[in-house]
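Enquirer: Before I ask anything, let me first share the structure, which is written out below as structure tokens.
The values are calculated or read from the model by the stated rules, or taken from the named source; none is laboratory data. As the structure is a prediction and not an experimental result, all values here were calculated from the model. Note that we place each Cβ from the backbone using ideal geometry, even for glycine, and neighbour counts take in every protein chain shown.
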Amino acid sequence: MILRRGGRSGIMSPVMAKRNKHRQHARSGVASVGRPSGTHPSPVVTADPASEVRRGLSAFERGEYGVAIQAWTQARRAGAPEAVDRAIAEAHFRRALAAPSDGRRAQELHEAVALAPDHAVYQYHLALAYHRQGQVRRAIEAYEAACRLDPANDRYRRHLTLARCSDPGAEAQPEALPVVSPPGDESFARLAALAALRQNRPLDAVVTLVGLESPSPLAKLALGLAHLAADQPASAASCFTGVLDGDDSPPSDLRAGAQIATVAASRRDNDLDAALQALRVADVPANSALQSALGAAARALGRELLLEERLDEAVVAWQRALVVDPRHEATRRVVSQVEEVLGTRDARAGEYAEAARHWEAALAEQPGEARILQNLALAAERLEQWEQASARWEELIAHWKRAMRGARRDHEAGADLRRKLTIAHRRLADAYDAADDLPSAVRAIDRALNFDPSDMDLRLRAAELSLEDQAYGPAIDHLRRVLAVRPDDVRALIDLGAAYDLKGDERQAESTLERALAIEPGNQAAMGALAAVFHSRSDRLVDAGQLDQAVAAMERAIELEPGAVRHHQCLGASYVRHGQLKLAEKAFARAIALDPDDVRTRVEIGAVYLASGYEKDAQRLFRQALKVQPGSVTHVAIGLAHLRLGRSDAAHQQFKHLLKENDALSLRLLGAALNDLRREVDAERYLKRAVELEPSNARGHLDLAWSYAFGLHNYPEAAREVAEARRLALEADDAAVLAEAEVAAQGIANLVEEAEARRNDPYLSLPGAFLR
Amino acid sequence: MIDDPYAVLGLDRTAKADDVRRAYLRLVRVHTPESNPEQFKQVRAAYETLRSPLRRAELAVQAFDETVSEPDLDLVAALGDEELDVVALWLAIETGSSDVAATDFAHDMTPIREADLLP
């Protein structure tokens, strides 16, 4: 074969032309090594061309194309025949096929084309490389060159047509899409139809494809697309169904294409349900063009659903669009806005969990949006999710604080934000309080007071939270400040009295509460609080052996709060401790008379007798209790009373009734109560029975594990019970028990580790090792 | 219990004190105590609630903000009248099944023999 350099059919870049110039220098006998010729005089190569050709051939056969190119280039410089250029071109071609990128591939192919410009296959592959890179015009030129060199090659012609159809200017140049279709060739028919569609002749595209015998899945899809373009969505949908439900499993891109097209066809056929269903099941394609198509189909469907007021479903469609195109700003904005609308509508319907879900989704696109944060905080409050509520209020407060800094010049806006911040802090405090996080609640209310120190209701709330948090000093301070402004505030006086009482300042408590009663005689809360002061005083006097004063104080408590059982009961107990049984009996009778059906009073009075050694009186009260309410609950109460006094046998005499009754719940409650009393060894038998009776109760297994671990130190059994509790909790989807089981499992693991360490360390097992 | 005072006065939640006063004055001219006593009472109660800045702030914080309760059609319009590009889809699949997406071209390689290079 005669090789022509720079032939008219070759595509050559300016860079390549320059390189060829260097090669021509080389062929003229001036060789260069390592730098371009012309800069320095190069030594004349004296290599033997034949041996260089053989060296190159050997490397070529080993797949070392770089070495082959180098050796053959040397050979050419040393005078080897032009045919060697052809070999160098093939080596470049092979390197192109293995190139890691399309750019690199095109570069190698340019070398090949430059060296063998009349070799059609190199032109074709250069075209493919451009085509892959989306450089359609360059691809077309290279395909055309390949077609000129080998006009009968169908493959080249097909790809040329495909590239021309991809050319953005193709509609304007109908003549640029000549397709000579060999009869019966499906691939040419498809391309002819595609070209017709490209030239806005969809019906011609349909006609071209509809007559195909035994069409492939690709041809079916193509026909469907032609129908769709010709505004025949029903026919289109039926073609796509043929692709998806056909006997052959279509390649993934083809399947994805048919699914996407089904969405569009069903929508255009006004069957939005079918369109949405198709979208829901559509695979996410790997091909970026198909991803764009899926995004477009999903967005169009979403728009249609929204106009039909099917907002939830519109969001589903748009979410699918975002899966393939997560950065599509317009979709993200519309999804967020519609999610917010759905949240508002659900909240209006009282569906707060759903509302919160939508608002969370909306917030993802509008982070820090005060309106959404506030709604989420309020929804969490409605759902009694206090931790979430407090977190949202905190976020909102931070947002409003920033806004307040920005509103320094706008007095009205600033004042409004201050008011909002005060209220938000109060709600934040309430949320923390409800979540049993008292220190945070106190801090929140203190922060609220920074915004409005003159709000006495807020200060009163701060005092109450401090009281609850047992911070009596700060509580008293807040209350004094309230009373300085509102000296007759009875609620503040009652709180202050209670604070003094709890702090141990009896006299201040008494005088404060007396003042409250002077302002509002008969105030029940004030009388109760003052009764509590006298009750505490009575207890203290009994302990000091001053019975007369103790009785007087308790009688004052009774006078203030005659309906409180505990005052009568404690008065009776004081008498019992001093052996005045008749007076005691009278006091106890008054206590019982207040609620004759409550067995607890009788059992507690029995326990008082028992503690002072009056066995018969105790038994009398216990019998009365059992008469009022026979059954396991009373037996447990009596048994626990015995147990607290260390009378284990008498306690179990009572508890054995539960074993007879075989009531799993009572047995479990008893076992748990014994565990709480650190009587784990006693608890084991009841819990074991409870678990036997009700093996599916996860909490029973946990309680039993506890008694095994801490009572019997039987860790393997404990671990087994915890594992069972965990399994049951998972089965029942009970997150609370599951969390407890996780903690218990960790606790048992720690106990095992500790026991192991003790066994292995003789020093730890010595008596008194704990002193270490 | 009265209705949402903002709704009674035909205001949104961003309304300021002046807006509240203007809306009240406008409505009490329409719903006089003689012509429409019930509505007058409602308007009056709503005004009493909203004239207090504290009460207004409480309402703003303690009630759900329902400002966004209808889809914003401008945002929907911003999505455009996009349709599935049939040609692009077809081209993607046609291209995906052509040599452009192929990787095995062993059949396009030409063998090189020593005899061709060293005659």
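Enquirer: Given the condition closer than 26 Å to B:T14 by Cα, crowded, with 16+ Cβ neighbours inside 10 Å, in contact with a Leu (Cβ under 7 Å, 6 or more places away or on another chain) and modelled with pLDDT of 95 or more, answer yes or no: does some residue in the range A:358-365 qualify?
Expert: yes
Enquirer: Same structure, new question: When you check B:L91 against the structure, is it surrounded by 14 or more Cβ atoms within 10 Å (Cβ to Cβ), more than 7 Å from chain A (Cβ to nearest Cβ) and in contact with a Ser or Thr (Cβ under 8 Å, 6 or more places away or on another chain), yes or no?
Expert: No, not satisfied.
Enquirer: Kindly indicate whether any position in the range A:340-355 is more than 30 Å from A:Q385 (Cα to Cα), modelled with pLDDT under 95 and over 24 Å from the mean Cα position of the chain (by Cα). Before the answer, list the steps.
Expert: Here is the first cut: in the range A:340-355, the residues more than 30 Å from A:Q385 (Cα to Cα) are none.
No - not one qualifying residue is present in the range A:340-355.
Enquirer: Right, another one. Here are some residues: A:A152, A:A112, A:A99. Which one is at pLDDT below 90, more than 10 Å from chain B (Cβ to nearest Cβ) and out of contact with any Pro (no Cβ under 8 Å at 6 or more places or on another chain)?
Expert: The unique qualifying residue is A:A152.
Enquirer: From A:R320, A:R303, A:R280, grab the single residue that is part of a helix (DSSP H, G or I), without any contact (Cβ under 8 Å) to a residue 60 or more places away in the chain and either among the acidic types (D, E) or within 12 Å of another protein chain (Cβ to nearest Cβ) (or both).
Expert: A:R303
Enquirer: Also: Scan the range B:56-84 residue by residue and report those that are closer than 30 Å to A:Y130 by Cβ, surrounded by 17 or more Cβ atoms within 10 Å (Cβ to Cβ) and either among the acidic types (D, E) or more than 7 Å from chain A (Cβ to nearest Cβ) (or both).
Expert: Listed by number, the list is empty, since nothing qualifies.
Enquirer: Something else: Which condition breaks for A:P183 when tested against (1) in a helix (DSSP H, G or I); (2) at pLDDT below 85?
Expert: (1)
Enquirer: If you check every pair at least six apart or on different chains, which have Cβ atoms under 7 Å apart with a residue in the range A:652-664 that is without any contact (Cβ under 8 Å) to a residue 60 or more places away in the chain first and a residue that is surrounded by 14 or more Cβ atoms within 10 Å (Cβ to Cβ) and among the aromatic types (F, W, Y) second?
Expert: Cβ pairs passing all conditions: A:F655/A:Y686; A:L658/A:Y686.
Enquirer: Still on this model: Kindly indicate whether A:R602 is closer than 30 Å to A:V722 by Cβ and either surrounded by fewer than 18 Cβ atoms within 10 Å (Cβ to Cβ) or among the charged types (D, E, K, R) (or both).
Expert: Taking the combined requirement at face value, the residue does not satisfy it.
Enquirer: Is it true that some residue in the range A:301-308 is crowded, with 19+ Cβ neighbours inside 10 Å and among the basic types (K, R)?
Expert: The answer is yes, given that some residue of the range A:301-308 is crowded, with 19+ Cβ neighbours inside 10 Å and among the basic types (K, R).
Enquirer: Tell me whether the range B:31-47 contains one or more residues that are farther than 30 Å from A:A236 by Cα, aliphatic (A, V, I, L, M), out of contact with any His (no Cβ under 6 Å at 6 or more places or on another chain) and within 9 Å of chain A (Cβ to nearest Cβ).
Expert: No, the conditions are met nowhere in the range B:31-47.
Enquirer: While we're here: Any residue in the range A:203-212 that is touching a Lys or Arg at 6+ places or on another chain (Cβ under 8 Å), acidic (D, E), within 30 Å of A:A274 (Cα to Cα) and at pLDDT 90 or above?
Expert: No: zero hits.
Enquirer: Give me the residue from the range A:703-737 that is on the phi < 0 side of the Ramachandran plot and not in a helix (DSSP H, G or I) and, out of that set, modelled with the highest pLDDT.
Expert: A:N714
Enquirer: In this structure, is A:E514 buried (at least 16 other Cβ atoms within 10 Å of the Cβ), acidic (D, E) and over 52 Å from the mean Cα position of the chain (by Cα)?
Expert: It is false that A:E514 is buried (at least 16 other Cβ atoms within 10 Å of the Cβ), acidic (D, E) and over 52 Å from the mean Cα position of the chain (by Cα).
Enquirer: Being of a type in the set (F, W, Y) and under 53 Å from the mean Cα position of the chain (by Cα) narrows it down to one of A:Y609, A:Y614, A:Y686, so name that one.
Expert: Unique residue meeting the criteria: A:Y686.
Enquirer: Still on this model: Pairs please, first residue from the range B:94-115 and within 8 Å of chain A (Cβ to nearest Cβ) and under 20 Å from A:E64 (Cβ atoms), second anywhere and among the charged types (D, E, K, R) and part of a helix (DSSP H, G or I), Cβ atoms under 6 Å, 6+ apart in sequence or on different chains.
Expert: As it stands, the answer is B:T110/A:E90; B:I112/A:E90, since those pairs meet every condition given.
Enquirer: Turning to a different aspect of this structure: When you check A:A424 against the structure, is it of a type in the set (A, V, I, L, M), crowded, with 19+ Cβ neighbours inside 10 Å, within 9 Å of chain B (Cβ to nearest Cβ) and under 19 Å from the mean Cα position of the chain (by Cα), yes or no?
Expert: For A:A424, the condition - of a type in the set (A, V, I, L, M), crowded, with 19+ Cβ neighbours inside 10 Å, within 9 Å of chain B (Cβ to nearest Cβ) and under 19 Å from the mean Cα position of the chain (by Cα) - is not met.
Enquirer: Looking at the range A:337-358, which of its residues are out of contact with any His (no Cβ under 8 Å at 6 or more places or on another chain) and either more than 21 Å from B:E66 (Cα to Cα) or more than 9 Å from chain B (Cβ to nearest Cβ) (or both)?
Expert: A:A349, A:G350, A:E351, A:Y352, A:A353, A:E354, A:A356, A:R357, A:H358, listed by residue number.
Enquirer: Given A:A91, A:A71, A:A78, which one is at the interface with chain B (Cβ under 9 Å from one of its Cβ atoms) and within 24 Å of A:D48 (Cβ to Cβ)?
Expert: None of the other options fit; the residue is A:A91.
Enquirer: May I pose another question? When you scan the range B:1-30, how many residues do you find that are on the phi < 0 side of the Ramachandran plot, more than 12 Å from chain A (Cβ to nearest Cβ) and among the small types (G, A, S)?
Expert: Number of matching residues: 2.
Enquirer: Which members of the range A:195-234 meet the condition of being hydroxyl-bearing (S, T, Y) and either out of contact with any helix residue (DSSP H, G or I) (no Cβ under 6 Å at 6 or more places or on another chain) or at the interface with chain B (Cβ under 10 Å from one of its Cβ atoms) (or both)?
Expert: Across the range A:195-234, the qualifying residues are A:S214, A:S216.
Enquirer: Pick out the one residue from A:A237, A:A275, A:A289, A:A261 that is within 10 Å of chain B (Cβ to nearest Cβ) and crowded, with 23+ Cβ neighbours inside 10 Å.
Expert: Exactly one residue qualifies, and that residue is A:A261.
Enquirer: Could I ask something else about it? Which of the following residues is of a type in the set (G, A, S) and not in a helix (DSSP H, G or I): A:G646, A:G671, A:G700?
Expert: Within the list A:G646, A:G671, A:G700, the selection yields A:G646.
Enquirer: Could you say whether any residue in the range A:393-416 is without any contact (Cβ under 8 Å) to a residue 12 or more places away in the chain, closer than 24 Å to A:A435 by Cα and either buried (at least 18 other Cβ atoms within 10 Å of the Cβ) or within 13 Å of chain B (Cβ to nearest Cβ) (or both)?
Expert: no
Enquirer: Output the residue which, of all residues in the range A:627-638 that are part of a helix (DSSP H, G or I) and in contact (Cβ under 8 Å) with a residue 24 or more places away in the chain, is farthest from A:S666 (Cα to Cα). So that I can check it myself, show each step before the final result.
Expert: Going through the range A:627-638, the residues part of a helix (DSSP H, G or I) turn out to be A:627-628, A:632-638.
If we keep only those that are in contact (Cβ under 8 Å) with a residue 24 or more places away in the chain as well, we get A:628, A:632-634, A:636-638.
Working: A:V628: 19, A:S632: 7, A:V633: 7, A:T634: 11, A:V636: 9, A:A637: 11, A:I638: 14 Å.
If we take residues in the range A:627-638 being part of a helix (DSSP H, G or I) and in contact (Cβ under 8 Å) with a residue 24 or more places away in the chain, then A:V628 is farthest from A:S666 (Cα to Cα).
Enquirer: Within the range B:54-112, track down each residue that is of a type in the set (D, E), within 22 Å of A:Q123 (Cα to Cα) and either at pLDDT below 90 or in a loop (DSSP other than H, G, I, E, B) (or both). Outline the logic, then answer.
Expert: So the first thing to find is which residues in the range B:54-112 are of a type in the set (D, E), and the list is B:58, B:65-66, B:70, B:72, B:74, B:81-83, B:85, B:94, B:99, B:104, B:108.
Adding the requirement that they be within 22 Å of A:Q123 (Cα to Cα) leaves B:94, B:99, B:104, B:108.
Passing the criteria: B:D99, B:D104.
Enquirer: Could you please let me know if A:A389 is among the aliphatic types (A, V, I, L, M), within 11 Å of chain B (Cβ to nearest Cβ) and crowded, with 17+ Cβ neighbours inside 10 Å?
Expert: Against the criterion (among the aliphatic types (A, V, I, L, M), within 11 Å of chain B (Cβ to nearest Cβ) and crowded, with 17+ Cβ neighbours inside 10 Å), A:A389 does not qualify.
Enquirer: Further, regarding this structure: Tell me which residues, restricted to the range A:486-499, are crowded, with 24+ Cβ neighbours inside 10 Å and of a type outside the set (A, V, I, L, M, F, W, C).
Expert: Selection gives A:D495, A:G497.
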